[in-house]
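I have placed the structure first, in the form of structure tokens, so that the comments after it can refer back to it.
The values are calculated or read from the model by the stated rules, or taken from the named source; none is laboratory data. The model shown is predicted, which means the values in this text are computed figures rather than measured ones. Cβ sites come from the backbone with ideal geometry, for glycine too, and all protein chains shown count toward neighbours.
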Amino acid sequence: MKRRGTARKEPVINLRQKVCIACDRPFSWRKKWKRCWAEVKFCSKRCQSVGRRQFRQDNNNGK
Ligand SMILES: [Zn+2]
């Protein structure tokens, strides 16, 4: 028996959802991120500034 033309189920869910590394909350794809979605790590500009700060401090703290 051969299966033909069966709809493939692929995990597309995670493709358009990420977890903000600043506030740790999931956020969804937005039009404004159309071109840079791969680089988006924060859910908002606010988190972006906060997150960057934290990461800098973490780096400096590294004993
Ligand atoms: Zn956030």
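Would you be able to say whether some residue in segment 1-17 is surrounded by 10 or more Cβ atoms within 10 Å (Cβ to Cβ), within 10 Å of the ligand (Cβ to nearest atom) and modelled with pLDDT of 90 or more?
Pass one, segment 1-17, residues surrounded by 10 or more Cβ atoms within 10 Å (Cβ to Cβ): 15-17.
Imposing the further condition that a residue be within 10 Å of the ligand (Cβ to nearest atom) reduces the set to none.
Checking segment 1-17: not a single residue is surrounded by 10 or more Cβ atoms within 10 Å (Cβ to Cβ), within 10 Å of the ligand (Cβ to nearest atom) and modelled with pLDDT of 90 or more.
Need pairs with beta-carbon distance below 6 Å; first residue modelled with pLDDT under 90 and within segment 42-57, second part of a loop (DSSP other than H, G, I, E, B) and near the ligand (Cβ under 7 Å from one of its atoms); sequence gap 6+ or separate chains.
As it stands, the answer is VAL50/ALA22; GLY51/ALA22; GLY51/PHE42, since those pairs meet every condition given.
Only residues in segment 21-33 that are in a loop (DSSP other than H, G, I, E, B) count as the first member; pair them with residues that are among the aliphatic types (A, V, I, L, M) and more than 13 Å from the ligand (Cβ to nearest atom), Cβ under 9 angstrom, at least 6 apart or cross-chain, and list the lot.
Sorted first by the residue in segment 21-33, then by its partner, the pairs are TRP29/LEU15.
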